[in-house]
Every structure is written in C-alpha cells, then in structure tokens.
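Asks: Here it is, the structure, as structure tokens.
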Amino acid sequence: MNGAALATRGLNKSFGSLVVAKDVELVLPHGVRYALIGPNGAGKTTLINLITGMLRPDTGRIFLGEDDITSLAPEARVRRGLARTFQINALFPQLSALEAVTLAVCERRGFAGVWWRGLPEYRDAADEAHAILASLLLGEHCYRLTHELSYGQQRLLEIALALATRPRVLLLDEPAAGVPRDESAELFAAISGLANDLTVLFIEHDMDIVFRFAARIIVMVSGGILVEGTPDEVAEDTRVREVYLGKAHHG
Amino acid sequence: MIGPFVGVLFDGFAYGMLLFLLSVGLSVTLGMMNFINLAHCSFGMLGGYVTVTLMDHLGWPFLASLPVAFLAAAAVSILLERTLYRRLYRASELDQCLLTIGIVFMSVAAAAYVYGTVQQPLQLPDYLQGSVVIAGVNFALYRVFLVATALAITLVLVAALEWTRFGTRVRAAVDNQRMARGLGINVDRTFAITFALGGGLAGLGGALAIAIVGLDPGFAFAYLVYVLIVVSVGGLGSIRGSFAAAAVLGISDVAGKYYVPQLGAFLIYLVMVGLLMWRPSGLFGKR
Amino acid sequence: MAGAAPEGVTPHQYLENQTRWRRVEIAFWLATLLPFVVTPTYLSLASQIAITALFALSLDLILGYAGIVSLGHAAFFGLGAYTAGLMSKFVWGEPLTGLVAAAAIAGLVGFATSFIIARFRHLALIMITLGLGLLLHEAANSASWLTGGADGLQGVDIWPLLGAFKFDLYGRTAYAYSLVVLALMFLVARRLIHSPFGLALRGIRENAVRMSAIGAPNRSHVRKVYTISAVIAGIAGALLAQTTETVSLEVLSFERSADVLVILILGGAGRLYGGILGAIIYMVARDQFSGINPQFWYFWIGLLLVAVVMLLPNGILGGLARFAERWQGGRR
C-alpha cells in the first residue's frame, strides 16, 4: 500500500480568461480524511469535476493509484474506484432509495445490462443495497421514493449511492450543504465511520467540522493550492489567515 | 450555360429568403427560452390565409394585406404564448413537442375546414409580375421584390438587436437567461414580445410564400421541416446563422430539384442529419 | 406502485412485490379474448388495435422508460412493414419467417442508428429522430421501383398461418395472430422492465449525470434498448403488412410517428399498459368517427394533445393512479 491513492500532476483549466485550476499538484495517501477548503469561487468543485472526468483539463494528468486515468470517461473512472457526491442533490426522484442503491450495486457488479432475468433474482444485490442504506440510517426509509425523502435523508442517499460503487477514493462535494448544523455533525460522524482504507476528500465550509473530522487540510485560492497540511499547521499559517480565516468569523 | 445557373442560384436565394423569414423567429425564441415550438409554421400559414382572405374576399391590394398578415400572426402568437406556452417553459421537451404538435394538428384541420384542402389562388398585382432581363439572365420581378424585402428586414433586425435597448435585452436573455434576470431584465416580457415578433415575421413569410410555393393546409407541416433544418443548422438564437443556413438550404433545394429531380427532398434530409451529427448545436451555435 | 410497501418487508420481498402479476392484469388479458365472441364483426379493428398497441409498447420502452423522445419511430414500423411485404412478394408468403425477417431488418437498422441516438439528448435528439424518419420516408418514396412509391406496394400475398389458417375476410386469423404476437412481446417487455436493465433505463430517464457517476455505461444501455424497441416496432409493422396484405407509404409517415406518440401519452407513458389502453381508445374513437374527414379527425387529436399536456400530464393511467391514491387516502 505504498504510493498515493489519488494524485494530480500540473492540472490546468481555464474558461476563456478565467483560470479555474492552476498547476494543481495533489497527492492523497491511502485511507486519509482530507478537507478541501477555500473561499467561494476558489475552484473546489471544479477540481472535483476535473478529477472525476466531468470536465477535461487543458493540461496535466490524473492518477488513481498507479493508473493514469486522464483520458478515461467518468463512468470508467467510477468503475476503477473513484466515486463522488454532488453539492446539489443529483438523485433519481422517481426511484425508491432501495432501487437507486440496488441500481448502483448492479452497475458495479456488471449485470445492469441483463434484461432477460428479473431483478428479484439478484437477492444479494438488494441485500447489499439495504445494508449500505442501513449503515447510513436510511434502512427504515428505503422503500420510499427519493423525492419523498427529507432533504437530510437525500444528502445521505447521495453518499449511499457513491458507497455502492465500492470506491477506493471518495470525493464529497459539500456533503452537508443545506443541512442544519446539528444534523451535519451526525452526517460527518457517519462519514468518519467509513472503512479505514477508504481515502476521503470533502469540501466543507464549516470550520468546526473541518477541524474535527479532517486529518489533513488543503486550502485552495483562485484555482491553485495555497497550503496543504495538518489542521494545526493550516491554522498557524499566516497566508491562510490572510486570505481565508481572516475573513471568516471563526476565531 | 451560365444563364440557367445564375437563374437557379437567384431562385434558390429568393427561396432561401422565404425560409429565413419563416424561421428567424423560431431561432431567436428557441435560443432564449429553449422552448420547442413546432407550431411556428402554423403562424406562417395563418399569415398566408389572412392575405388570401383580404385579397379575394375583401378586394384589398396585395401590399396592404402584408402588414395585416404580420399583425394577425403576431397577435395570435402572443395570445398562445400568454395562455398556453408560458406554462410549459420549465416542462420537459416532450411536453413542449406534444403541445405544439397538437396546435399544428388543430391549425391544419381548421384551415381545411374553412378553406378546403385545395391550393389557394393568388393574383399578384401587375407591377410584381413578369421579369427583367439583366445580362441575358431572367429575374422574376416577384423574386426580386422578395429578396429586397427580406434583406431590408434582416438589416432592420440586426440593427435593432445591435443598437436598441430592447435588442440588448434580447441578446442578454439569449446569452444567459439567469444572468439577464439577475440584471433586472424582465425576461418573460422580453420573450413575449420577441415571440410575437417572430410569429409576425412567420406570418409575413407565409403571405409572401403563396406566390412561390402555394398555400394549402399542409403548409404547417411541410415547411416545419425546412424551418427546423434552418434553425438546427444555423444554430439557436443566431440571426446571422439562420440567414446563412436559409440561403444555403434554399439554393441547394432549388438546385437539387433542378439538376437531380429524382432524389427529391432526400438530399436535404441527408444534409440535415449529417450536419447535425457533425455540429449538434449548429454551424453558428453558441457552444 | 412503489412507496406503498408495508413495514417489515425484506428488500427481496419488496422487489418481488413490484414484479408480481396483479388481478387486473390477468383480467385484462382474459378480456382480450372477448372480441371473438362479443364483437365478431369487429375483429379486423381488434387486430389493428393489437398492432397499434404493440407499436406503442415499443415506443414506451425508449420514451417511457429510458426517456428518449423520438419523433421518427415510424421508421422502424415502416421498415418492418416493407420487409414483410417485399418478402412475400419476392421470396415467399409464409408469415412467421416474414415476421422474423422484419424483426431482423428493423433491429439491424435500429442498432446502426442507435450509435447516433446515444450521442444526443434534448433538442438535437428530437431533430435527429425527426430527420431520420423523414429521410427513410423520402427514400422509400424515391425508390418506387422497389416500394411502389406513393401508389403503395403491389402484390403482397400472405400464405395461411402455420399452413392451416387462412387470413379471412372477418379478421379471425388476423386478430388471433396479432394478439398472440402482442402478448408474447408484452411478456418480453414486462420481463425487461422488471430486470436490472429496466432499472438502469429508469435511472437514465431520471438522471443521466448521476448514472455516469455510479459507473453506468449510459450509451451502451441506450443502444441496447433502442435496438430492442426497433425490433418490436418492426414486428408491429410486419403484422400490419401481413394482416392487411398491403403496404403504403403511410407506414413511414410523420403522422404515424406522431400518432403513436399521442397514443402512448394519452394512455400514460412508462406504465407498460399505457400504450395498449391508448391504442384501444384511439382506434375505437377513430373507427366511430370514421365518417368524418381525416383532416377534421386531427383537429380533435390536436385538442386532445393540448388537453393531456395541460391537464393530465401522466396520461389516463397516471390520472387513474392518482385518483386511486386519493380514494384510498380518503378511506383511511
């Protein structure tokens, strides 16, 4: 297990004159919980879109483990163990939570293209989906349609869908966006309870949560990485204080 | 050798100008609201029937009937926009297609009910009949009139879009609807007016089309295909793109029917599908 | 269907519950036999309904389940019809092999075009399907040496079914034949939508972006369902050619593509029985009003479309489901 779980080399992306990623060099070791922070418009979501293949970088390479995945389609990256969630819910409104997660399990196991056998024949796929939902406290609600779930439950379903792909690296784009403060701590408790060998990178604005749940922090400013270090190092860093913490109301 | 070729070129261009008038409104409104209005040519057909009615039954002169055709089509399109279309701006493209196909069906049936399914006769005034001969090539006067009208309208449209306050609003709304709303532009109102203008232009195009392609209830469907080709090839929301696409389409259609009549419209559809596959958002599209 | 699962159900039971045959379904399929006894003079119409229902079912797979809007689905219906007609004219009139040939040709063309279809969505997709439909219509019109052009294909002669049942004037054989094929294809479609693939299709309809984020090969899914849908549409077209022993250019027309869309939307898309219900209502109504000029018939179809879009967004079956929910809610 030596080498990084995820790495980028000289990633650049701009829209016209607007630079959204500037020489991004990232090395995430296995099993570490990372927080990605930075002011609005710093390019955090763009970075996730670049890594997952929803955007193409202008230059630079992306590695998942030893493999160069720069030219792979998003779904091929997912099949190699790179999953993400969305800042704004991107779910299947008319599927029940169980159906949605079962679908993700079917896709991972490679029989989502089978049309001549009934879904109930794949009992273990449904059981696995149910177990994932139960681990995120959605077990009781799994037969309800996605659009009938509460907002907080939908945020959890975002994570459940990502987990069903059995990722090695999980990118969470503001998993607690819009969730009340007391509930977001619960949500992050669920995230920190995930398997130890899973590498997690999450975007989050609440500094209490960032300092509680992240082992290391990456600070982004206008498309580039400013600082990378432990929470203490980042908190002590004068540049970070200047551009980021200085403006926030956090002490 | 050259004579017929130039003649075909000119006829094709005139035909293209007709297609431009019929389609420019759809192009702009599609670019602005992403609303798929398959009933656009019904407005054109309406303009045609208004002209026929005014001339044949009320004895109006041809030129006087044209503004009325424009106004009638504009009025009906704004009525439909306010009552039906506006409720479906956020609906799926399927719902938009279904609603507007429904309106096409109704307009075709209504036209057949009132006017029958026969071709409508149209007596052009004397000064628009006949032709002039320049350098040995015959130019039909009516087509000269058509091209001049279309070019004048194009110039007015481009100028209005470029230099008036309303034009700025339209461009902003086509460019980025959310941003335009953020800037305090009343996008719904702007859209309604643009929609009426586009419907009116289609009505004018329909009135001008009678002398060239005739008028029967099949008009709404037959020209829908051409209009969609112009819009999809020219790119959504682009007046210049529509103009170029309409000219190319008109010329190739007329030339195709003149030189390889056995292929019929096949060639045009082939070109359309090919172009769409090559550039899905059109030759002059936004993206 | 979903959402009404009682507590204490295992995931497996929940999924099985969704695929179970309901009493209404069995009653419906038994009722399809009624025309033989109740309205024996209307068997030709019944056969036309079954064929139209099959065509609508094929559209439902791509539109109702995968969310692919097509304005040119008549292309495959027409391909099937012409294949079956030409087969009887130039090879032999045996109907079942004609059906298989039609399915194969429609499927082949469907598979070839599916590579185009899978690349596009939204407006471009609508234009492309429309363009492909028109292209084929125009091609059949131009190739009059083969298709008979606007005059229709002459000399279609179908042998007795299984060598024993002649296609009679009353439509007994025609209806029995169409009904059996419809039922078989329905079983295939029903199995498909309750399969993992069926779930994946609904996923594409609901959110294609999320589908790629869970590793789904959307394009390959779309290609597959489009090909299957083309096969079924081709079979429907072949049935029409064989039971009426004529093929006219109209099988490829835009009106036919629009009709089947109307029928499916009217009945309710994405509900498996929507197309069948829509076909029954549409065809019976058209038969009742056959006295009026077809031009005026389309006025009412247009009005119906506007009304369905504005008032009944999920079709008749959707409206019924909502009504049933409310009624049950009121009783509680």
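Asks: Being in a helix (DSSP H, G or I), more than 29 Å from A:M54 (Cα to Cα) and in contact (Cβ under 8 Å) with a residue 40 or more places away in the chain, is that true of even one residue in segment A:140-161?
Replies: Among the residues of segment A:140-161, at least one is in a helix (DSSP H, G or I), more than 29 Å from A:M54 (Cα to Cα) and in contact (Cβ under 8 Å) with a residue 40 or more places away in the chain, which makes the answer yes.
Asks: Here's another thing I want to ask about it. Here are B:V144, B:V170: which of them is among the β-branched types (V, I, T), within 16 Å of B:I239 (Cα to Cα) and within 22 Å of the chain's Cα centre (by Cα)?
Replies: After ruling out the rest, the residue left standing is B:V170.
Asks: Additional query: Give B:A109, B:A91 a once-over and let me know the one that is on the phi < 0 side of the Ramachandran plot and in a helix (DSSP H, G or I).
Replies: Answer to the check: B:A109.
Asks: Could you please find all residues in segment C:117-127 being closer than 19 Å to C:N218 by Cα and without any contact (Cβ under 8 Å) to a residue 24 or more places away in the chain?
Replies: C:F120, C:H122, C:L123, C:A124
Asks: Here is a check on your reading of the model: is A:G193 of a type outside the set (D, E) and either in contact with a Cys (Cβ under 9 Å, 6 or more places away or on another chain) or within 14 Å of another protein chain (Cβ to nearest Cβ) (or both)?
Replies: The answer is no for A:G193.
Okay, residues lined up against (1) surrounded by 24 or more Cβ atoms within 10 Å (Cβ to Cβ); (2) among the β-branched types (V, I, T):
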position	(1), (2)
C:G198	yes, no
C:A213	yes, no
C:A241	yes, no
C:T246	no, yes
C:G270	no, no
C:I280	no, yes
C:F289	no, no
C:F296	no, no
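Asks: Moving on. I'd like to know if segment B:151-160 contains one or more residues that are without any contact (Cβ under 8 Å) to a residue 24 or more places away in the chain, over 18 Å from the mean Cα position of the chain (by Cα) and surrounded by 11 or more Cβ atoms within 10 Å (Cβ to Cβ).
Replies: yes
Asks: Hey, another quick one. Here are some residues: B:L151, B:L161, B:L124, B:L157. Which one is assigned to a loop (DSSP other than H, G, I, E, B) and of a type in the set (A, V, I, L, M, F, W, C)?
Replies: It is B:L124.
Asks: Could you list, in sequence order, the residues of segment A:37-84 that are hydroxyl-bearing (S, T, Y) and farther than 17 Å from A:L163 by Cβ?
Replies: Matches in segment A:37-84: A:T45, A:T46, A:T59, A:T70, A:S71.
Asks: Just checking, which of B:Y142, B:Y89, B:Y113 is within 14 Å of chain C (Cβ to nearest Cβ), surrounded by 12 or more Cβ atoms within 10 Å (Cβ to Cβ) and in contact (Cβ under 8 Å) with a residue 40 or more places away in the chain?
Replies: B:Y89
Listed here are the residues, each with its yes/no results for (1) assigned to a strand (DSSP E or B); (2) outside the structural domain of A:I51 (by TED's automatic domain parsing); (3) surrounded by 19 or more Cβ atoms within 10 Å (Cβ to Cβ); (4) at pLDDT 85 or above.
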residue: A:S184; (1), (2), (3), (4): no, no, yes, no
residue: A:F202; (1), (2), (3), (4): yes, no, yes, yes
residue: A:R212; (1), (2), (3), (4): no, no, no, yes
residue: A:V240; (1), (2), (3), (4): no, no, yes, no
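Asks: Applying the selection to segment A:186-200, what residues are surrounded by fewer than 20 Cβ atoms within 10 Å (Cβ to Cβ) and in a loop (DSSP other than H, G, I, E, B)?
Replies: A:G193, A:L194, A:A195, A:N196, A:D197, listed by residue number.
Asks: If I go through segment A:32-90 residue by residue, how many of them are under 26 Å from A:R155 (Cβ atoms) and aromatic (F, W, Y)?
Replies: Total meeting the criteria: 2.
Asks: Within segment C:144-151, identify whether any single residue is within 11 Å of another protein chain (Cβ to nearest Cβ), free of Cβ contacts under 8 Å to residues at least 60 places away in the same chain, touching a helix residue (DSSP H, G or I) at 6+ places or on another chain (Cβ under 8 Å) and in a helix (DSSP H, G or I), and answer yes or no.
Replies: yes
Asks: If you don't mind, another one. Taking only segment A:22-74 into account, find how many residues are without any contact (Cβ under 8 Å) to a residue 60 or more places away in the chain and over 13 Å from the mean Cα position of the chain (by Cα).
Replies: So the count comes out to 21.
Asks: Please work out which one of (1) farther than 22 Å from B:L267 by Cα; (2) more than 12 Å from chain B (Cβ to nearest Cβ); (3) surrounded by fewer than 16 Cβ atoms within 10 Å (Cβ to Cβ) is the condition C:H122 fails and give its number.
Replies: (2)
Asks: Turning to a different aspect of this structure: Checking the conditions here, which among B:V68, B:V76, B:V104 is part of a helix (DSSP H, G or I) and facing another protein chain (nearest Cβ under 8 Å)?
Replies: After applying the criteria, what remains is B:V104.
Asks: A further question on this structure: Cβ contacts < 7 Å: first residue more than 9 Å from chain C (Cβ to nearest Cβ), restricted to segment A:87-99; second residue aliphatic (A, V, I, L, M) and not in a loop (DSSP other than H, G, I, E, B), any location; separation 6+ or different chain. Result?
Replies: A:A97/A:L133; A:A97/A:L157
Asks: Check off (1) in a helix (DSSP H, G or I); (2) within 23 Å of C:I301 (Cα to Cα); (3) over 19 Å from the mean Cα position of the chain (by Cα) for B:H57 and give me the number that stays unchecked.
Replies: Going through the list (1) in a helix (DSSP H, G or I); (2) within 23 Å of C:I301 (Cα to Cα); (3) over 19 Å from the mean Cα position of the chain (by Cα), B:H57 breaks only (2).
Asks: So how many residues does segment C:21-34 have that are touching a residue at least 12 places away in the same chain (Cβ under 8 Å) and over 21 Å from the mean Cα position of the chain (by Cα)?
Replies: Qualifying residue count, segment C:21-34: 0.
Asks: Can B:F221 be described as buried (at least 22 other Cβ atoms within 10 Å of the Cβ) and either away from every other protein chain (no Cβ under 14 Å) or not basic (K, R) (or both)?
Replies: no
Asks: Among (1) more than 25 Å from B:I101 (Cα to Cα); (2) within 14 Å of chain B (Cβ to nearest Cβ), there is one condition C:I62 misses while meeting the rest; what is its number?
Replies: (1)
Asks: Select from segment A:100-125 the residues that are over 18 Å from C:Q18 (Cα atoms), within 7 Å of chain C (Cβ to nearest Cβ) and basic (K, R) and list them in ascending order.
Replies: Of everything in segment A:100-125, just one residue is over 18 Å from C:Q18 (Cα atoms), within 7 Å of chain C (Cβ to nearest Cβ) and basic (K, R), namely A:R108.
Asks: Also: Considering only segment C:17-39, I want to know if a residue exists there that is within 30 Å of C:R119 (Cβ to Cβ), in contact with a helix residue (DSSP H, G or I) (Cβ under 9 Å, 6 or more places away or on another chain), among the β-branched types (V, I, T) and within 14 Å of chain A (Cβ to nearest Cβ).
Replies: Checked against the condition, which is being within 30 Å of C:R119 (Cβ to Cβ), in contact with a helix residue (DSSP H, G or I) (Cβ under 9 Å, 6 or more places away or on another chain), among the β-branched types (V, I, T) and within 14 Å of chain A (Cβ to nearest Cβ), segment C:17-39 yields no hits at all.
Asks: For the condition within 11 Å of chain C (Cβ to nearest Cβ) and either farther than 25 Å from A:A5 by Cβ or basic (K, R) (or both), what is the one hit in A:G139, A:G152, A:G178?
Replies: A:G139
Asks: If a residue counts only when it is more than 14 Å from chain A (Cβ to nearest Cβ) and among the aliphatic types (A, V, I, L, M), which helices (runs of 4 or more DSSP H) contained entirely in segment C:197-272 have at least 2 such residues?
Replies: Once the helices (runs of 4 or more DSSP H) in segment C:197-272 are filtered for at least 2 residues that are more than 14 Å from chain A (Cβ to nearest Cβ) and among the aliphatic types (A, V, I, L, M), what remains is C:218-244, C:254-267.
The values are calculated or read from the model by the stated rules, or taken from the named source; none is laboratory data. Just so you know, these numbers come straight off a predicted model, no measurement behind them. Backbone-built Cβ (ideal geometry, glycine too); neighbour counts: all protein chains shown.
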